[in-house]
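To keep things clear, I will list the structure first and then write my remarks on it.
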Amino acid sequence: QGSELRDIGGKGWLRQHEYVEKLNMHGILSASAGQEQLLTELLVTHAKIPVLIGELISVEIWKHKIFPVLCRLQDFKPRSTFPIYVVLHHEASIINLLETVFFHKEICESAVDSVLDLIDYCHRKLTLLAARSTKAPAVTSAELRAEPLASPSSMQADPVPPQELQKQAEGMEFEISLKALSVLRFITDQVDSLPLSALTRMLNTHNLPCLLVELVEHCPWSCWEAGKLQKFENGAWHVVPPEDQVKMTKLDGQVWLALLNLLLSPECRRKYRFDGFNKSQLLKLRAFLTDVLIDQLPNLVEMQRFLSYLAVTEPAPPKKDLILEQVPVIWDHILKKNSGKWEAIAKHQVKHAFSPTEEELKLQARRWAQTYSLDMMEALAPDKPRCRVCGVEAAKRCSRCRNEWYCSRACQVQHWQKHKPACNLMA
């Protein structure tokens with residue numbers, strides 16, 4: 001069920017987070033095996049998609065309104081920062097789960113009116129992504145790469161200051177925005193099944209076609225560093241060999257497919273305003289529609305034809321046939337309900353959620369260890385585990401807590417004094 005903003009981080013909310021985390025892990029494993037039908041049926045039958053969207057927006061507002069207040073409180077010196085990290089990570093877990101399941105039409109339909117809130121959420125994230133890519137011409141992968149997020153055990157033993165968590169939250173924002181791009185593309189796949197106002201909101205309220213053109217033009221998931229092209233794929237930056245530099249990534253494909261859905265559907269063309277500005281922005285796409293790109297995504301031939309037609313004609317203005325328009329309500333409802341209470345909520349959460357006793361911390365650490373199942377995490381991780389001390393590939397791990405990896409006994413002995421408090425807590 002949905003959470004109140006004041007309850008975020010509390011015991012009931014943490015239980016809810018555990019359910020979301022387990023659903024997320026189950027969803028990824030099911031999707032990789034092509035067996036996600038059971039999960040989609042469960043979410044549709046119990047009408048959980050609107051609840052997840054509500055939770056997503058609640059945590060987004062918490063990050064923007066309450067988290068900065070928490071970081072400014074002088075008397076806030078938590079024993080462990082991991083409870084706060086869990087809240088920050090909650091948004092990433094939900095958007096990841098939605099990315100996994102929104103591929104299915106019945107999931108999109110089950111969102112009903114809350115899909116308008118999800119469209120607004122995706123628009124906010126893509127705007128941040130576009131702004132990030134245009135504010136500096138040469139963005140390096142080091143700037144975009146999220147700092148390594150501490151593991152549950154290391155955060156228990158050596159808590160980082162809340163300001164450091166702010167940096168980690170900013171790093172997470174980049175990956176969350178990329179997930180939002182995928183969710184938006186899946187929504188555009190189902191334009192015929194959406195509420196009446198959804199298309200109008202995407203095309204005219206937010207002008208998503210022009211925002212997607214910005215992403216094609218500036219491509220925030222690729223950058224040049226030290227003369228080498230790097231692209232962000234599967235949660236990490238990779239150097240692209242010269243022969244693969246013209247190869248389309250999954251993220252490139254998501255943008256082009258969303259543009260195809262929004263511009264080539266007859267209903268979309270009827271509703272979109274092809275005025276002077278929009279037309280000039282869309283025609284920028286012609287420079288990117290090379291033969292190499294079209295060979296990789298043949299559907300783009302239709303886009304090429306449409307842009308050639310658009311260049312020499314003046315499309316008819318959109319018909320204004322919508323008198324009553326649905327609007328998203330979740331964001332405004334939460335803001336109105338909690339307006340002026342941000343500091344009071346932050347102080348309440350410091351007292352009741354983010355300052356656990358030693359005993360509560362031990363109990364919660366065991367629950368986290370069960371939730372973040374190590375064997376499950378290893379199955380999901382694309383890379384092999386790395387040594388906690390020197391960073392090389394590791395084949396051994398702590399036999400007590402089974403939470404830290406080492407390449408050799410020497411590294412384990414060297415790290416023991418730092419790891420010992422966490423090991424006692426987690427074991």
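Name the residue, out of 261, 207, 234, that is of a type outside the set (D, E, K, R), in contact with a Pro (Cβ under 6 Å, 6 or more places away or on another chain) and either surrounded by 15 or more Cβ atoms within 10 Å (Cβ to Cβ) or closer than 30 Å to residue 81 by Cβ (or both).
Values: 261 fails: in contact with a Pro (Cβ under 6 Å, 6 or more places away or on another chain); 207 fails: in contact with a Pro (Cβ under 6 Å, 6 or more places away or on another chain).
After applying the criteria, what remains is 234.
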Worksheet entry | Cβ pairs under 7 Å, 6+ apart, first in segment 63-74 and in contact (Cβ under 8 Å) with a residue 24 or more places away in the chain, second not in a helix (DSSP H, G or I) | 70/76
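Being surrounded by 11 or more Cβ atoms within 10 Å (Cβ to Cβ) and not in a helix (DSSP H, G or I) narrows it down to one of 306, 274, so name that one. Don't jump to the end; show me each part of the working.
On the way: 306 fails: not in a helix (DSSP H, G or I).
Only one candidate qualifies: 274.
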Worksheet entry | First in segment 293-304 and in the same structural domain as residue 258 (by the TED database) and more than 22 Å from residue 244 (Cβ to Cβ), second anywhere and open to solvent by 20 Å² or more (accessible area, probe 1.4 Å) and not hydrophobic (A, V, I, L, M, F, W, C), Cβ under 8 Å, 6 or more apart | 304/286
Fill in: Failed criterion for residue 352 (all others in (1) open to solvent by 40 Å² or more (accessible area, probe 1.4 Å); (2) modelled with pLDDT under 80 hold)
(2)
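From 290, 357, 313, which residue is polar (S, T, N, Q) and modelled with pLDDT of 90 or more?
Values: 357 fails: modelled with pLDDT of 90 or more; 313 fails: modelled with pLDDT of 90 or more.
When all the criteria are applied, what remains is 290.
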Worksheet item: Of all residues in segment 263-299, how many are among the hydroxyl-bearing types (Ser, Thr, Tyr) and over 27 Å from residue 205 (Cα atoms)?
Response: 1
Discussion item. What pairs come out if I take residues in segment 326-341 that are free of Cβ contacts under 8 Å to residues at least 24 places away in the same chain and pair them with residues that are surrounded by fewer than 12 Cβ atoms within 10 Å (Cβ to Cβ) and assigned to a helix (DSSP H, G or I) whose C-beta lies under 7 Å away, six or more apart or interchain?
Written reply: none
Item to complete: Can you tell me which residue among 269, 185 is open to solvent by 70 Å² or more (accessible area, probe 1.4 Å) and touching a residue at least 12 places away in the same chain (Cβ under 8 Å)?
Response: 269
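Return the only residue of 66, 49 being assigned by the TED database to the domain that holds residue 100, farther than 24 Å from residue 170 by Cβ, modelled with pLDDT of 90 or more and among the aliphatic types (A, V, I, L, M). Let's see the steps before the verdict.
On the way: 66 fails: farther than 24 Å from residue 170 by Cβ.
That would be 49, the only listed residue that is assigned by the TED database to the domain that holds residue 100, farther than 24 Å from residue 170 by Cβ, modelled with pLDDT of 90 or more and among the aliphatic types (A, V, I, L, M).
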Discussion item. Would you confirm whether or not segment 173-193 contains a residue that is more than 19 Å from residue 128 (Cβ to Cβ) and hydrophobic (A, V, I, L, M, F, W, C)?
Written reply: yes
Practice prompt. Return a yes/no flag: does segment 241-249 have any residue that is open to solvent by less than 20 Å² (accessible area, probe 1.4 Å), at pLDDT below 90 and of a type in the set (Ser, Thr, Tyr).
Written response: no
Worksheet item: Mind checking which residues of segment 75-92 are surrounded by 22 or more Cβ atoms within 10 Å (Cβ to Cβ), closer than 18 Å to residue 57 by Cα and not hydrophobic (A, V, I, L, M, F, W, C)?
Response: 90, 91
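The values are calculated or read from the model by the stated rules, or taken from the named source; none is laboratory data. Values in this document were obtained by computation on a predicted structure and should not be read as measured data. Ideal geometry is used to build each Cβ from the backbone, glycine not excepted, and the neighbour counts take in all protein chains shown. Protein only, heavy atoms only, side chains kept; ligands, DNA and RNA dropped before computing areas. Shrake-Rupley method; radii C 1.70, N 1.55, O 1.52, S 1.80 Å.
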